[in-house]
Structures are given as structure tokens and as C-alpha cells.
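Structure first, then comments.
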Amino acid sequence: MAVDSLRGARKVGRYTLLVSLAVVVLFPVYAVLLQALKSGPDSLDHPRSLLPVDLTMSTIRAAWTKGNMGRLLFNSAITSLAVTVGVVFTSLLAAYAFAFLRFPGRGALFVTYLATMLVPTEVTVLINQRTADSLGWMNSYRGLIVPSLASAFGVFLVRQVFMQLPNELREAAALDGVGHTRFLWEVAAPLSRPTLGALALFTFLGTWNAYLWPSQVIRGDLSHETVQIGLERLRNNDIDKVNLVTGGLVIAALPIFLMLVAFQRQLVRGLTAGAVKG
Amino acid sequence: MLGPSAALLGVWTVYPLVRAIQNGHLRCNVTGSRCRDAGWGQYLDVFTSDDFQRALGVSVKLALLTVPTGLVLGIGLAVLADKHLRGIGIFRTIFSSTVATSVAVASLVWFVLLQPEIGVLSDLFSQWIPQLKNPGLLRDPDTALPAVALSSIWASLGFTFIIITAGMQSVPRDLYESAFVDGAGGFRRFTNVTLPMIMPSILFVTVVLTTRALQTYGEVALLTGGGPNPQKPTTTIPYLIYGDNSIIRNDIGLKSASAVLLFVISLVFAVVQFRGFEKRVHYGS
């Protein structure tokens, strides 16, 4: 009996702690969401602003039009999709070469690939902006997309999976006269689908959320801005307009939130790929 | 098959690095139209300059404000959620939820919450922290950097939670059982089994969070613009390089040198952390 009630008390304590921490973590999201669902000035009435009453879509609707959100979302979607497809494609090709082909300098080249993972965007953006400028790629989709089409992390991740495929598989295929290209697309790639999924999701999220490069390659051209850099235009310090940005935030966060709910497992796999077995 | 990736990485990662190292030698006039070679010595000049030292100080301070706190919070949440309780899945989803927020979204969320006139937090807590209302957390030189750190900690929490949770789930269960048989209580099991076993995950998170903190740009650009002026207590090294208000914005030589130094500094931090952790990773096993 005594042990039971002790356990019960512990359980209640743990739940209380869990719930209060969940409230703390979610509070910023909740507060912004509720402000977005209220019409202008009444949302400034705290703490009433934290109660789900008098909800309206007017702020979100205003943010949609004023912030040109449809266009921003479209630009982010195009950029992220193109980069994702490109990264998966270039990673598959390079990973295949590193895993299944023998050529002089393979080891050194692979180490060079790995080394590029260390170079932060914060260092390369400076010169890449000049390169994009000299190519005439400023304020364009090409400028947003092309520099990100290859990822050393992707090559590394896919190579790790390819290395685990049994050698007999490739040998048997070779005996059957299956060439490298067919083997890659019909055997190796389908067998690594979970990893490719994680890589795709990871790349999509990373591109969607990128801030520094888009902010340096799109300079003032509203028709090419991504959500992340265009959102700032909704920010306003005027008391009756300050709410507008909350509507924009909700619109900007919603697609990614839905994606996260749908692909939670893949995301965890992608994030932990480098951490657990290290 | 290596063609596409090698060409892309060559043009957009290796070339800019090499070029930045070369450009770090250049010193330009005020408008940036004419530059001359100042040699390797310029790296030393930049490193010892007041502006760079101040920005380095800000970046390091930001790392000190965000990494230990973020790590402790992330581990705490992971320990708390690492139990078979009904509905624990919901809590895990909530604790990992901020992983999807971008720098821009997180920063603007905190901008709204901390807005001095109408921000919810400014209203709720101004009794205890008067700076929230006057002049506003982001406008006070003493609180601006902690406010930026707050936004970063919140945004990284989901990432830390996911990595640490994954690390905990890969700890073999029989280790806990034998510790239990040996009479180790909950706290001892955490310090003697869990903690040593998740050291690789902690190391990974520490290195990633430190690198992110040193390379903070978006939060600063959106929350403070490097200010408040004139003390510029939130001008990190990346903001010094890329910020619209940066004093060296027209000098490709100084910007390149700063960028290369930032790279070297990040590497040094990572190597030191790997070295420091190596001993502890072996300690438990």
C-alpha cells in the first residue's frame, strides 16, 4: 500500500513537471498563434490576449495579402524542392563512385569531400555572392538553388549505406551483365530508400529555413524572396500594425509544421545519423 | 559520376574558401573601389583590431550563454521523457517541436513576445524585470545579448532533445538492470550509466551548438541589427562580416580576413572540445 501510494505520488509529480515544462516550451508558439487569431488592437490587451476568445482570421488574411505570402511560399517551395532533388541525385552518383568504383586517388578525394563539411556557409557566402553577381545570378532562382545542389554530408550519408550492401549483390549483377548505371538506379538506390528519405527531408528543411545565403543573393527583389527573408517586411513597430507579423509567422510555420508531423521519424533518423554511432 | 558534385563543391565551397584566404591580404579604401596587398600580416592586424576582438567577445559570450544552458535543459527534458508513461509520446513531440523552426521564425517570435509596448512577456514580467518595458530587453545594451541567447536556446532545444533522446535509447537495457542489482538508485544510475553512455551524443550536441553560437547571424540581423548602438553588444563575427550596418561592409579584404579567422576559431573550438571529451568518453566504458 505505502509503496503503491509513493509510486502514485511520484507519477503525479512527474506528470506535473512534464506538463509545466511543455507549457514553457510551447508558450511562445501559443502566444503568437493567439495574437495571430485576434484582430489588431484587442490582441494587445494582456493577459486577455492569452485566452482563446474572439478569434478571427482577419490578421492572418491581412498578413497573407500585405506580406505577399503566396509568392514567398511559392519561392521557398520551388527552391527547396529543386535543391532536394539535386542533392539526392548528386549524392547518389558520388556515393556510388566512392562505394563501388575503384580509381586512383579515391581515398584522398573522399577525405577532401569530408573536409568541405567543415567549411561553414558563413565563410563561403562572401565570395559566392561575388560569383553569383559575375554570373548574373543575383535576384534569381538560379542564384538561390545552384550553389546548394551538392552536399558532402549527403555523399557521406549515402556512401555509408552503400558500403553496407553485400558485395555479392554487385558481383551477381555484374555476372548478369548489369552495368553500373542500372545497378545504381534499380538495386542500390531502392535499397537505400530510408536513408534517401531522411536526406531529402533534412535537405528540404535546411533549404526552407536558410537565412544567410538568401539574404545575400536576393537583394530587394520581392518577386524572388523566400519566406525566411520576406517575412521581415511584415514587421512593424506601429502599435496597431505590430500584430501583422504574427499572421505571417503562422503562415510561414504551418507548412513545415505539417511536414514535421508527417515525417517525424525520418527527421529523427536524419538528425541522429552523425550523433549516435560516432 | 563524381563530376556534378565535385564541380559544385569546387565552385561553391572550395573556391570561395581559397579565394577568401587570398582576399584576406587585401586592404581597400573607404568606397572599396581600390585595394592593395597587405600581406599575411593583415590577419594579425584584423585579429587584434578592436572591432574583431569585440565581435569575438560577443560570439564567445553568446556561446557561453547558450551552450551550457541549452545542453542542461535538453538533457533534463530527455531524462524526464525517457520513461514508459502513458502519453509520453505527446511530450516527446512537444519537446522536439522547436527543431522545425527556422532562425527567422524563432527570432520574429521572440521579437513579438519581447516588444516593449505590446509584447506579452513584457507585460507579464515587467514587475520583476523593468527593462522589459523600458527600454525593452532588445534595446538595453545589458540585456540585448541575453535576449538573443534566449531565442537561440529555445530554437535549439528541440534539436538537443532529439539527439540526447536517441543517445539514451541506444544505451543497452541490461546495463541499467545490473546497476539496479548493484543497488544503484535513480541518481546513481544516471551519473554512472546514462551520462557516460551518452557522452558521444553530448559531445556532438556541444560541438554543433558551439559552432552555431559562434556563427550566429540571422538572430542578430532580425532582433537587434548588431545594436543597440553605440556599444554594439550583439555584433557577432558573422554580423561584422555580413550585417547591413557593419562598419567594414565595403572592405572585401577585412571581411575575407574576418571570415577566415571565424572558420579557424570555430575549428579550434571544435578540436578542443573533441580533445576534452575524449577522456570522458572512455571514462565510463
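Remark: pairs (first residue in the range A:19-30, more than 7 Å from chain B (Cβ to nearest Cβ); second residue not polar (S, T, N, Q); Cβ separation under 8 Å; 6+ apart in sequence or on different chains) = A:V29/B:V109; A:Y30/A:L50.
Taking the conditions (1) at the interface with another protein chain (Cβ under 8 Å from one of its Cβ atoms); (2) assigned to a loop (DSSP other than H, G, I, E, B); (3) loosely packed, with under 15 Cβ neighbours inside 10 Å in turn, A:H46 satisfies each one other than (3).
For B:Q22, state whether it is in contact with a Lys or Arg (Cβ under 7 Å, 6 or more places away or on another chain) and closer than 20 Å to B:L262 by Cβ. When the stated conditions are applied, B:Q22 does not pass them. Counting only helices (runs of 4 or more DSSP H) that sit completely within the range A:169-258, those holding 2 or more residues that are away from chain B (no Cβ under 12 Å) and under 16 Å from A:A77 (Cβ atoms) correspond to A:193-209.
If the condition is being assigned to a helix (DSSP H, G or I) and of a type in the set (V, I, T), then the range A:79-123 contributes A:T79, A:V83, A:T84, A:V85, A:V87, A:V88, A:T90, A:V111, A:T112, A:T116, A:T121, A:V123.
Apart from one condition, B:R189 fits all of (1) closer than 30 Å to A:V12 by Cβ; (2) under 28 Å from the mean Cα position of the chain (by Cα); (3) more than 14 Å from chain A (Cβ to nearest Cβ); the exception is (2). When B:R27 is tested against (1) assigned to a helix (DSSP H, G or I); (2) in contact with a strand residue (DSSP E or B) (Cβ under 8 Å, 6 or more places away or on another chain), exactly one condition is not met: (1).
crowded, with 20+ Cβ neighbours inside 10 Å and out of contact with any Lys or Arg (no Cβ under 8 Å at 6 or more places or on another chain): is that true of B:G74 in this structure? Yes; evaluated as a whole, the condition is true for this residue. Looking across the range B:144-202, the residues that are surrounded by 16 or more Cβ atoms within 10 Å (Cβ to Cβ) and of a type in the set (S, T, N, Q) come down to B:S151, B:S152, B:S156, B:T160, B:T165, B:T194, B:S201.
In the set B:L85, B:L114, only one residue is within 8 Å of chain A (Cβ to nearest Cβ) and either in contact (Cβ under 8 Å) with a residue 40 or more places away in the chain or among the hydrophobic types (A, V, I, L, M, F, W, C) (or both); that residue is B:L85.
Among the residues of the range B:33-68, write down those that are touching a His at 6+ places or on another chain (Cβ under 8 Å) and hydrophobic (A, V, I, L, M, F, W, C). B:A38, B:W40, listed by residue number. Look at the range B:152-169 and say how many of its residues are over 11 Å from the mean Cα position of the chain (by Cα) and either polar (S, T, N, Q) or more than 20 Å from B:T101 (Cβ to Cβ) (or both). Matching residues across the range B:152-169 total 5.
The set of residues in the range A:219-238 that are in contact (Cβ under 8 Å) with a residue 60 or more places away in the chain and surrounded by 23 or more Cβ atoms within 10 Å (Cβ to Cβ) comprises A:H224, A:E225, A:T226, A:V227, A:Q228, A:G230, A:L231, A:L234. For the range A:124-164, taking the residues that are in contact with a helix residue (DSSP H, G or I) (Cβ under 8 Å, 6 or more places away or on another chain) and not in a helix (DSSP H, G or I), the one that is surrounded by the fewest Cβ atoms within 10 Å (Cβ to Cβ) is identified as A:S140.
All of the numbers you see were taken from the coordinates with simple rules; none came from a lab. Owing to the predicted nature of the structure, the values given are computational and were not obtained by experimental measurement. Neighbour counts are summed over all protein chains in view; Cβ atoms, including those assigned to glycine, are modelled from backbone coordinates with ideal geometry.
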